[in-house]
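Peer 1: The structure follows.
The values are calculated or read from the model by the stated rules, or taken from the named source; none is laboratory data. Given the structure is predicted, the values throughout are model-derived calculations rather than measurements. Quick reminder, even Gly has a Cβ in these numbers, built from the backbone with ideal geometry, and neighbours come from all protein chains shown.
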């Protein structure tokens, strides 16, 4: 179990990927991240922000194609996951813009409204709204594996994060190619927006969806495999709190401090997710009789 | 060796793209970067050519009608200032300074006025005041020559002036802000005035800066 707590990013976010494909995905993630940093170093901040926001959604889209995650139902399944995530992200980006206090207001009135609304309420509510798309897919027998839930949650979370960041930063895009600003804080900021926060949202959404699939799609014996963490009544609020906890750090930490804060939340989200994936893989193995004892079962006594 | 259970043979097949993943990702990512550069280029604001000294530079900025001037006095340093109460409200105050909230035609901003002892130069006063602004990140000097403050000063005394750019950040993203700061020293006290607003609401022809100018010029050193 201790090994399951190791935060392996690619195998957690892309559980259906064969092991020999992991280096390619790591390389793509590394090159994409390097491109974002180079764009920031060239002071092309709006372009760097768009690139950071799209980094994980593009990788997720490639993964979905790569493993043929949606089988014979790609269009509407994609619409209810990445499509819904993008729509919800745009909606919450606009909502955040509407309720956000201006910089002048923060200076004048302090940060209490900012902390509560943008740091806690919006991330928490946004998380549950993004889950609505995958929830529709829960009804379909075609997607009855726990790993389907993980895939739907992660892909919806990636699209939500990217769309929200781009929508909220629309004013920046209108400020020209090189609007000015300090490079290093921008790099930290882009790492947070492009990797830190999306990974928390993807991990939390995937873990929440896995709990839902485990409860309503898996065999009864599997539903108890994760204990309380596998119950939606525990897993969903916990995942929501994880996202809100990650987001609220931005409101009182420096740009670099928020990166460290997010890294801790990323580790927790990925560790949580890996445990649910383990159950999903055991479930698949048990269903096809390829080995491994079913989750939650008592190990056989040695003969 | 993975701790994860072995993949079942009936699960969706994986890794169809193989090593092509990096190439496809690179192509798509570069395409999106190119598209975002194009979008930025198309929606970028028109570059403003800086005014040439001694030459006409267009109409003067509009100033909102002054309905009622209200005075504020620093009990510590003795300087006073006036502001139009119809669009400006006192938000916070201390014996040495005041934070004014400006709402003019739906455009919001903040003007902070701070007094310092004679040992503080105008440049130091600006740095200290700007460093103390909360809610603004990625702060850097504004290098656009069109935004340079020419003939900066406070209360008709020449001093220092600087402009900055930064971002009002949140967990959801960033919004650009502009900052202009001026300070002057009369021998006994240094007064620094800083105006902060969203970049879209700021600029030398904006109502926000026009109101800030009224306040800057209203400073009387020994009220």
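Peer 1: Could you tell me whether residue A:35 is under 22 Å from residue A:171 (Cα atoms) and touching a helix residue (DSSP H, G or I) at 6+ places or on another chain (Cβ under 8 Å)?
Peer 2: Spelling it out, it is not the case that residue A:35 is under 22 Å from residue A:171 (Cα atoms) and touching a helix residue (DSSP H, G or I) at 6+ places or on another chain (Cβ under 8 Å).
Peer 1: Right, here's the next one. Give the residue that is farthest from residue B:97 (Cα to Cα), with candidates limited to residues of region B:118-142 that are in a loop (DSSP other than H, G, I, E, B) and in contact with a strand residue (DSSP E or B) (Cβ under 9 Å, 6 or more places away or on another chain).
Peer 2: Here the residue is B:142.
Peer 1: Please list, ordered by residue number, the helices (runs of 4 or more DSSP H) wholly in region A:145-264 having 1 or more residues that are away from chain B (no Cβ under 12 Å) and touching a helix residue (DSSP H, G or I) at 6+ places or on another chain (Cβ under 8 Å).
Peer 2: Those helices (runs of 4 or more DSSP H) span A:146-168, A:183-191, A:197-216, A:220-223, A:232-248.
Okay, residues lined up against (1) closer than 30 Å to residue A:177 by Cα; (2) at pLDDT 90 or above; (3) within 7 Å of another protein chain (Cβ to nearest Cβ):
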residue: B:8; (1), (2), (3): no, no, yes
residue: B:21; (1), (2), (3): yes, no, yes
residue: B:28; (1), (2), (3): yes, yes, yes
residue: B:35; (1), (2), (3): yes, yes, no
residue: B:56; (1), (2), (3): yes, no, no
residue: B:59; (1), (2), (3): yes, no, no
residue: B:82; (1), (2), (3): no, yes, no
residue: B:101; (1), (2), (3): no, yes, yes
residue: B:106; (1), (2), (3): yes, no, no
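Peer 1: Still on this model: Quick one: would you say residue A:135 is in contact with a helix residue (DSSP H, G or I) (Cβ under 9 Å, 6 or more places away or on another chain), within 8 Å of chain B (Cβ to nearest Cβ) and either modelled with pLDDT of 80 or more or not in a helix (DSSP H, G or I) (or both)?
Peer 2: no
Peer 1: Also, quick follow-up: Can you confirm whether residue A:124 is facing chain B (nearest Cβ under 9 Å), modelled with pLDDT of 90 or more, touching a helix residue (DSSP H, G or I) at 6+ places or on another chain (Cβ under 7 Å) and part of a helix (DSSP H, G or I)?
Peer 2: Spelling it out, it is not the case that residue A:124 is facing chain B (nearest Cβ under 9 Å), modelled with pLDDT of 90 or more, touching a helix residue (DSSP H, G or I) at 6+ places or on another chain (Cβ under 7 Å) and part of a helix (DSSP H, G or I).
Peer 1: Residue B:74 - would you say it is surrounded by 13 or more Cβ atoms within 10 Å (Cβ to Cβ) and either modelled with pLDDT of 90 or more or at positive phi (or both)?
Peer 2: yes
Peer 1: Just name the residue that is surrounded by the fewest Cβ atoms within 10 Å (Cβ to Cβ) out of those in region B:156-172 that are at the interface with chain A (Cβ under 7 Å from one of its Cβ atoms) and touching a residue at least 12 places away in the same chain (Cβ under 8 Å).
Peer 2: Here the residue is B:165.
Peer 1: Here is a follow-up. Please determine, by comparing only the residues of region B:142-155 that are more than 8 Å from chain A (Cβ to nearest Cβ), within 18 Å of the chain's Cα centre (by Cα) and surrounded by fewer than 15 Cβ atoms within 10 Å (Cβ to Cβ), which one is farthest from residue A:257 (Cα to Cα).
Peer 2: Of everything passing the filter in region B:142-155, B:150 is farthest from residue A:257 (Cα to Cα).
Peer 1: Filter region B:173-186 for residues that are within 30 Å of residue A:96 (Cβ to Cβ) and either more than 14 Å from chain A (Cβ to nearest Cβ) or assigned to a loop (DSSP other than H, G, I, E, B) (or both) and give the result.
Peer 2: Result: no residue meets the conditions.
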